[in-house]
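Shown next, in structure tokens, is the structure this report addresses.
The values are calculated or read from the model by the stated rules, or taken from the named source; none is laboratory data. Just so it is clear, the model here is predicted, and its values are computed rather than measured. All Cβ positions, glycine included, derive from the backbone under ideal geometry; neighbour counts span all protein chains shown.
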Amino acid sequence: MRQDLDLLQGSWSVTALEVEGRKMPAATLAEARIVVKGNRFTSTGMGAVYKGTLELDASKSPRQLNMKFDAGPEKGNTNPGIYELDGDRWRICLATRGDVRPSSFASVPGSGFALETLTRGDAPAPAKAKARASRKPAPATPSSASTEFEGEWRMIYASIDGHPMDESLVKWVKRVTQGNHTTVYAGPQVMMKVDFTSDPSKSPKAIDYVNTAGSNKGKTQYGIYEFEGDILKLCVSAPGAARPTRFQSAQGDRSMLTVWKRA
């Protein structure tokens, strides 16, 4: 009989994710993957690349796993969890903080648990946006000079592909900008890392992202922004799509509308 580690070999697409009982929008998972090779795993598509080793104990009920990170933002951490494997479906309930292992496949508010469902192989690619950008900007030049985006910002609203993010998830998210580098975090996890250039002479004001990590590394996203005191509003297109003209996110356009308050 094949062992579970043998059955997990290969690429898995993340098709559902709940953090403390709240579902993450499907649009944020489009590129999320875990690849298992031997006892090593590589997780991509969540804003950074995470690597480490898997430890499985199929003799327990429910079956147990430990994800030991040795590369990426979680380097040095071990997340205890449980799992079940049913053909081409792999389900994990993982502690994202602390060392208390989940006892059931449930993610409730305050638990710090994440419930993840994966399917073998690549998920269907999202439909490509019809509108394409007419030009590619020059790559952002790394800079340490402060901009009006400088510092830490807390998310107060988000809509991705026309689907508003649940308030219980919004409170987890922050963005930190140093010079022209921005990192977006959801709790301890890096969701996005970009270099950016902005053009306040445009109407609406324009911003261009160049992704520096994750599955979109090297890809450009076009956006618009505005400041109202300590409030920052951004609307950013999906990679390859045209720049938004309004601060809205509609179903099917794969754009991301976010509102932030300076911390």
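Quick notes on this one:
- Condition met for Leu94 (under 29 Å from Met256 (Cβ atoms), part of a strand (DSSP E or B), at pLDDT below 90 and of a type outside the set (Val, Ile, Thr)): no
- From Ile160, Ile156, residue being in the same structural domain as Gly252 (by TED's automatic domain parsing) and crowded, with 18+ Cβ neighbours inside 10 Å: Ile160
- Filter result (within 16 Å of Arg120 (Cβ to Cβ) and among the small types (Gly, Ala, Ser)) within region 10-44: Gly10, Ser11, Ser13, Ala16, Ala32, Ser43
- Highlighted here are the strands (runs of 3 or more DSSP E) found entirely within region 1-90 that include at least 1 residues which are under 23 Å from Pro239 (Cα atoms): 10-19, 33-37, 40-44, 50-57.
- Among the residues of region 93-108, at least one is buried (at least 17 other Cβ atoms within 10 Å of the Cβ) and hydroxyl-bearing (Ser, Thr, Tyr).
- Scanning region 56-65 turns up one or more residues that are farther than 24 Å from Arg22 by Cα, in contact with a Phe, Trp or Tyr (Cβ under 8 Å, 6 or more places away or on another chain), free of Cβ contacts under 8 Å to residues at least 60 places away in the same chain and of a type in the set (A, V, I, L, M).
- Qualifying residue in region 240-249 (condition: closer than 30 Å to Glu20 by Cα and either crowded, with 20+ Cβ neighbours inside 10 Å or of a type in the set (Lys, Arg) (or both)): yes
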